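The values are calculated or read from the model by the stated rules, or taken from the named source; none is laboratory data. Predicted model, so just to flag it, every value in this text is computed and none were measured. Cβ atoms come from the backbone with ideal geometry, glycine included; neighbour counts cover every protein chain shown.
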Amino acid sequence: MEPTEILMPGPMPLVLPKLETRLKVHKLWEASDRTAHLAGIASRVKGIATGGHVKVDASFMDQFPNLQIVANFGVGYDSVDAAHAATRGVLVTNTPDVLSEEVADTALGLLLMTARELGAAERHLRAGKWMQGVYPLTRSTLRGKTLGIVGMGRIGKAIATRAEAFGLKLAYHNRRPAAGTDIPYFDTLVGLARHVDILLSVLPGGASTHHLIDASVLEALGPEGILINIGRGSVVDEVALIAALKAGTIFSAGLDVFETEPCYPQELAEFERVVLLPHVGSASVHTRQLMGDLCADNLINWFENGAPITPVAETPWPR
């Protein structure tokens with residue numbers, strides 16, 4: 001019996017080895033003529049393994065008449081048109097839970113770096129400036145501060161646990177109150193920003209969250225406020241953020257994600273207190289391998305046992 005055929009549009013070294021033991025994987029990036037290669041295999045492709053390097057939108061998906069499942073590497077799946085997949089009866093899966101703790105660790109590290117200017121202090125030392133004078137006392141601190149979490153899902157709750165241990169007061173904003181927490185809830189983002197000292201976004205990308213953190217939210221956060229984004233870059237209006245930093249509307253920002261990666265606005269890099277990371281929230285060998293295994297297991301379990309492991313909300317299972 002011939003193995004089930006799936007497509008991998010771009011290299012996925014943490015996913016491919018496991019998949020190749022059970023399925024036939026078409027490696028699109030190796031094809032000299034991708035259009036011709038897709039045309040030749042389209043009717044046989046029953047699954048797609050992707051990780052955001054290729055947009056699996058409606059037009060891409062519709063090339064495959066017998067497609068059953070799209071497995072996404074990562075908890076965020078805004079590069080996959082899950083709503084369209086649902087209309088076709090195609091399952092979409094992601095890799096939640098296995099990265100929550102790692103991303104939460106990164107979020108707290110990014111917050112500490114930003115509030116205490118640790119990156120700037122290290123650059124001061126490496127440049128040999130310590131001999132000329134101590135690094136200035138930082139204006140910001142976590143002592144006595146309130147952290148507002150935007151997006152109280154798995155990662156948001158993991159961040160809240162860590163933040164409480166640091167002595168921070170907490171509040172949050174969601175589309176609706178989250179179950180299993182007694183942290184104060186704000187039904188508007190502006191209301192939350194006005195109440196807190198630090199705004200930390202864990203929101204996914206997509207049309208519903210695009211530029212949700214805009215000039216009005218930054219103004220509400222205030223001149224001593226700090227913005228941290230560990231979710232998706234598209235959530236923050238970067239033009240408004242740059243303007244707010246220039247004007248002193250907010251104090252500083254720490255960003256692990258950007259609107260157009262791997263590009264980022266050079267103006268952001270020119271702010272000495274602003275901390276910028278190259279989307280490393282879950283980027284440890286340990287966690288990325290867990291993500292790779294789960295991505296592969298969603299495909300293998302579907303084709304061998306008839307059930308996905310972690311379907312997304314738009315394509316629940318059982319249907």
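Some observations on this one:
- Here Thr114, Thr93, Thr50 are screened, and the one residue that is hydroxyl-bearing (Ser, Thr, Tyr), within 17 Å of Ile6 (Cβ to Cβ) and out of contact with any helix residue (DSSP H, G or I) (no Cβ under 6 Å at 6 or more places or on another chain) is Thr50.
- Residues in the range 1-15 that are in contact (Cβ under 8 Å) with a residue 60 or more places away in the chain, of a type in the set (A, V, I, L, M, F, W, C) and either closer than 23 Å to Met61 by Cβ or loosely packed, with under 14 Cβ neighbours inside 10 Å (or both): Ile6, Met12, Val15.
- Filter pass, Ala220 being assigned to a helix (DSSP H, G or I), modelled with pLDDT of 95 or more and farther than 17 Å from Gly151 by Cα: yes
- Among residues of the range 144-197, those that are under 22 Å from Ser282 (Cα atoms) and part of a strand (DSSP E or B), counted: 4
- Identity of the residue in the range 246-301, assigned to a helix (DSSP H, G or I) and among the basic types (Lys, Arg), that ends up surrounded by the most Cβ atoms within 10 Å (Cβ to Cβ): Arg288
- Annotation: of all residues in the range 110-119 being crowded, with 18+ Cβ neighbours inside 10 Å and part of a helix (DSSP H, G or I), the one that is nearest to the chain's Cα centre (by Cα) is Leu110.
- Test: residue in the range 64-78 that is out of contact with any Gly (no Cβ under 8 Å at 6 or more places or on another chain) and in a helix (DSSP H, G or I): no
- Considering the range 165-174, the residues that are of a type outside the set (A, V, I, L, M), within 12 Å of Leu142 (Cβ to Cβ) and free of Cβ contacts under 8 Å to residues at least 40 places away in the same chain include one that is surrounded by the most Cβ atoms within 10 Å (Cβ to Cβ), namely Lys169.
- Qualifying residue in the range 46-55 (condition: polar (S, T, N, Q) and either under 30 Å from Val103 (Cα atoms) or buried (at least 19 other Cβ atoms within 10 Å of the Cβ) (or both)): yes
- Candidate set: the range 126-145, residues that are of a type in the set (D, E, K, R) and more than 19 Å from Ala253 (Cα to Cα); chosen: the one surrounded by the most Cβ atoms within 10 Å (Cβ to Cβ): Lys129
- Given (1) part of a loop (DSSP other than H, G, I, E, B); (2) under 26 Å from Asp214 (Cα atoms), number of the condition Pro96 does not satisfy: (2)
- Across the range 195-217, the qualifying residues are those that are within 13 Å of the chain's Cα centre (by Cα) and among the β-branched types (Val, Ile, Thr), and the one among them that is surrounded by the fewest Cβ atoms within 10 Å (Cβ to Cβ) is Thr209.
- Test: Ala253 is modelled with pLDDT of 95 or more and more than 30 Å from Leu16 (Cβ to Cβ): yes
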